[in-house]
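These notes are about the structure you will find just below.
Rule-based calculations on the coordinates, nothing more; no lab input. Just so it is clear, the structure is predicted and the values come from calculations on it, not from any experiment. Glycine gets a Cβ as well: all are built from the backbone with ideal geometry, and neighbour counts include every protein chain shown.
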Amino acid sequence: MTGLKSRSDPVRAHPARTPLVRARGIGLVAAALMALLLLLAGPGGSERLFDQYQRWAPASTAHPVAHVVLIDPESLAAIGPWPWPRYTLARLAERIGQSGAAAIGFDMPFPEPDRYNPDRFAALYPELDEAAGRHIAALPSMDALFAQVIGRYPVVLARAGLAKGSTDYEAAAATDAGLLPVEAQFSAPLPASVDTFPRALANIADLDDVAAGHGLINGSPDGDGVVRRVLLAANVGGVATPGFAFELARVGRGITQVDPVVAGGSLSAIRLGDIRIPVAPDGRMRPRFGPLPPSSVTSAHLVFQQGSAPDRFKGKIVLIGLAAAGTADVVTTPIEDETYGVYVQARAVNAILAGDALVRPTLALAWESAAGIALALLSLWLMPRLRLPWAAIIPVGAALAVALASWAAFRTSGLLLDPVRPILIAAAAGGGLLITLFIEGGRAQQRLEAALHAERLSAAKAAGELDAAREIQRGMLPPRERMTGLHPAVDLAGLLEPARSVGGDFFDAIRIDDRRICFLIGDVTGKGVPAALFMALSKALACSVLRQGPADLGAAMSGLNDEIARDNGQDMFVTMLVGILDTETGDVQLCNAGHENPLRAGKDGRIEEIMLDGGPPLCAVDGFPYPVETIRLAPGERLVIVTDGVTEAQNPAGDFFGHPRLRETLAAWSADRPAIEAAEALLRAVRSFEAGGEPSDDFTVFALRYRPA
């Protein structure tokens, strides 16, 4: 019985064409299922990869336009707790404006009058006489003073879009604060794809009426809690309204008109003068995040100090925001676990004016899927045609090329292209192909073994053929004396006992030159005279080729495969293991065509199976490139090679002799005992295990003991 023991996949074999087509089809189905699964899973994995890209290549810190004035714990300790009187905020804005700021933005709305206004203060003290109360109430309000400063400088105030049913929605509706004009003049209506809010939480009229601009500060994180996008435009009560960062950039540049760019009914970009800012259809921009340099952040209390860098705000867009415990707008960004919301707006301003927005192209998903399909087709076409390592190197190299292309697109152009999607699609295709080929290979081996067994049973019925086959087989075996005296550096022995249903086992050893000997062992499919004749042909051709001492054993084996297959009209196969031993170095070149792996017996008695990649049996695959694998024998080490008639010998209970019993028997072979003793001991062990049962296959063993001088 002969099985395909090699780990190499049969390629270009005619019987394997249908299984290969089936395997490729299953690979394509696996790729399609992976693509669907990735669509259902959402963009979470891609977003985390893009976050990593930003950590590797953050936004440049050179020449930032935005400057943050932070109301931090130090400022609260120096000036007082929050909320500060509007008078204090007016002084803060005035100092910044006097320094020549291009725009000033308050990253918080003022929807209620100042609680420090004189009229409210007088109401807190009923014991004041009426005249004093009227005098205090008649003083200018903090809001009025704040409004004067806002009207004097380019100040942008914040608004918050309100969804219907939200906490402040009814209050905004009651005061009509949701229907407010905007200063930015949009040249065209915003499409329905942008975020829409029925109303907005605005500032008190005294402040809103004099501000140079108004912008929305709405910013919601993605599903994983990370803020990656900043709102640049939305519809509020049917009116196109800019985002806070965009409005600051507009006011800072002194531009009035805003030009939406619509493609396919969706917003794709917004033009601000000569700047084109790419946005998603919902009106949000993806800024490239990066650290704000320390020179771009100032604690608010330092602004009030006399002589403190009067020109630090000149030409800058200044954002005033909170960073105090209990009041801070703390968010997570792609590069930071915790930061302040005003920092996100500042980075958005820098990204708008520097043209450093990230873009997820509209067709990105289609491009990624197409790349995945291309990689999958490449894998399905190449993997069955190549042997290791190229069958793995080329698909892996293509996957690395996709990953590098994604990184290059991000690094040079700010494009967000996911390399994981095409790689996973291709991996699913390759995995489906390999699993299917493995299953099909097992089925093919079972069919082959069943066919071989049936052939041998059929041949057993022809007793005359069996006798003739035995004579042919015995005539092809080398005499024991020639084996024993082949070379003084080796002790060789072979033993073959035909079963009643003779097969086509054989072995031989050849002295190539003074230092090299060649040995081979094989097993032909089938029984009777046809198998014996095919065995004789195979052995004769093999000895003729190997006696030349080929420089490339693998090429010689491939040539032998072609020669034996030339006149193989009965579609028979032969497994063969060929080795060439250098008696001076102990190096052994091995080439395996579907045969059992050899066993190495160490001087310490340890038995090791030599795992060979090998290839299919001879005549199974046209033009297969058989690999050559080299081992080295130490003095006293031994090689043992058997056919499957040894490991598949059965006892009356149907148990196989198997590899564990084979190892146990060989472990008793002492390094100083002749090879023939090991072969005979193994024969006795197998026959004892069979317990008088009739062998179903030939018993063949070849043993080699390396004993250099």
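Along region 411-428 the Karplus relation, 6.51 cos²θ - 1.76 cosθ + 1.60 evaluated at θ = phi - 60°, assigns HN-Hα couplings of 5, 9, 10, x, 8, 9, 10, 7, x, 5, 4, x, 5, 5, 4, 5, 5, 5 Hz to successive residues, with x for each Gly and Pro. As a calculated quantity, the FRET efficiency between Arg411 and Asp209 at R0 = 41 Å, using C-beta atoms, amounts to about 0.30.
Here the simple spin-label model places points 7 Å from the Cα toward Cβ, and for Ala551 and Ile393 these points are separated by 2.2 nm. Here the ratio of the Cα radius of gyration of region 236-279 to 2.2 N^0.38 Å is 1.17. Take the alpha carbon gyration tensor of region 149-298, find the square roots of its eigenvalues, order them as a ≥ b ≥ c, and report rounded if a/c is under 1.5; if not, report prolate when a/b exceeds b/c, else oblate. Rounded, because the longest to shortest axis ratio a/c is under 1.5. Each Lys and Arg adds +1 at its Cβ and each Asp and Glu adds -1 at its Cβ; summed about the Cα centre, the chain shows a dipole of about 1120 debye. Amide H contacts for Phe699 (H built 1.01 Å from N in the peptide plane; partners 5 or more residues away or on another chain; cut-off under 5 Å): Glu497, Ala499. The ranking of Val230, Val69, Val529 by Cβ neighbour count inside 10 Å, starting from the fewest, reads Val529, Val230, Val69. Pick out, from Val621, Leu662, Gly494, the residue whose Cα sits farthest towards the positive end of the charge dipole of region 461-706, with +1 on the Cβ of Lys and Arg and -1 on the Cβ of Asp and Glu. Toward the positive end, the furthest listed residue is Gly494.
Length gained on full extension, Leu302 to Ala401, computed as 0.36 nm times the residue gap minus the Cα-Cα distance: 30.5 nm. Along the axis of the charge dipole computed for the chain (Cβ charges of +1 for Lys and Arg, -1 for Asp and Glu, origin at the Cα centre), the listed residues Val230, Ala556, Leu599 are led at the positive end by Ala556. Is the shape of region 569-709 rounded, prolate or oblate, going by the alpha carbon gyration tensor and its root eigenvalues a ≥ b ≥ c, with a/c under 1.5 for rounded and a/b larger than b/c for prolate? In terms of gyration-tensor shape, oblate.
Estimated purely from DSSP H runs of n ≥ 4, each contributing -39500 (n - 2.57), the mean residue ellipticity at 222 nm for the chain is -13000 deg cm²/dmol once divided by its residues.
Counting lysine pairs in the chain that sit 8 or more residues apart in sequence, or on different chains, and whose Cα atoms lie under 29 Å apart gives 7. Projecting the Cα atoms of Ala679, Val701, Ser544 onto the charge dipole of region 461-706, computed from C-beta unit charges around the Cα centre, puts Ala679 farthest toward the positive end. What the phi angles of region 677-686 give under the Karplus curve with 6.51, -1.76 and 1.60, with θ = phi - 60°, is a coupling list of 5, 5, 5, 5, 5, 5, 4, 4, 5, 5 Hz, glycine and proline written as x. Counting only Cβ charges, +1 for Lys and Arg and -1 for Asp and Glu, the dipole size of region 461-706 around its Cα centre is about 520 debye.
Distance between the pseudo-spin-label points of Ser688 and Ala634 (7 Å out from Cα toward the beta carbon): 2.9 nm.
Near Phe657, once Lys and Arg are set to +1 and Asp and Glu to -1 for all other residues with Cβ below 9 Å from its Cβ, the sum equals -2.
Using only alpha carbons, region 461-706 has a radius of gyration to Kirkwood radius ratio (Rg to Rh) of 0.94. Computed from the C-beta positions of Gln52 and Val330, the FRET efficiency with R₀ = 25 Å rounds to 0.70.
Averaging the Cα positions of each part gives two centres, and for region 393-409 and region 532-547 these lie 48 Å apart. Stretching Ala188 away from Ala77 to a fully extended chain increases their span by 35.2 nm, per 0.36 nm per residue minus the current alpha-carbon distance.
Here the calculated FRET efficiency for Ala671 and Arg515, from their Cβ-Cβ distance with R0 = 25 Å, stands at 0.65, rounded to the nearest 0.05.
Each label point was placed 7 Å from the Cα along the Cα-to-Cβ direction; for Ser166 and Cys543 their separation is 9.4 nm. Once the convex hull of all Cα atoms in the chain is built, its volume per residue stands at 252 Å³. Extension gain, Gln570 to Leu33, is 189.0 nm, computed as 0.36 nm per intervening residue step minus the present C-alpha separation.
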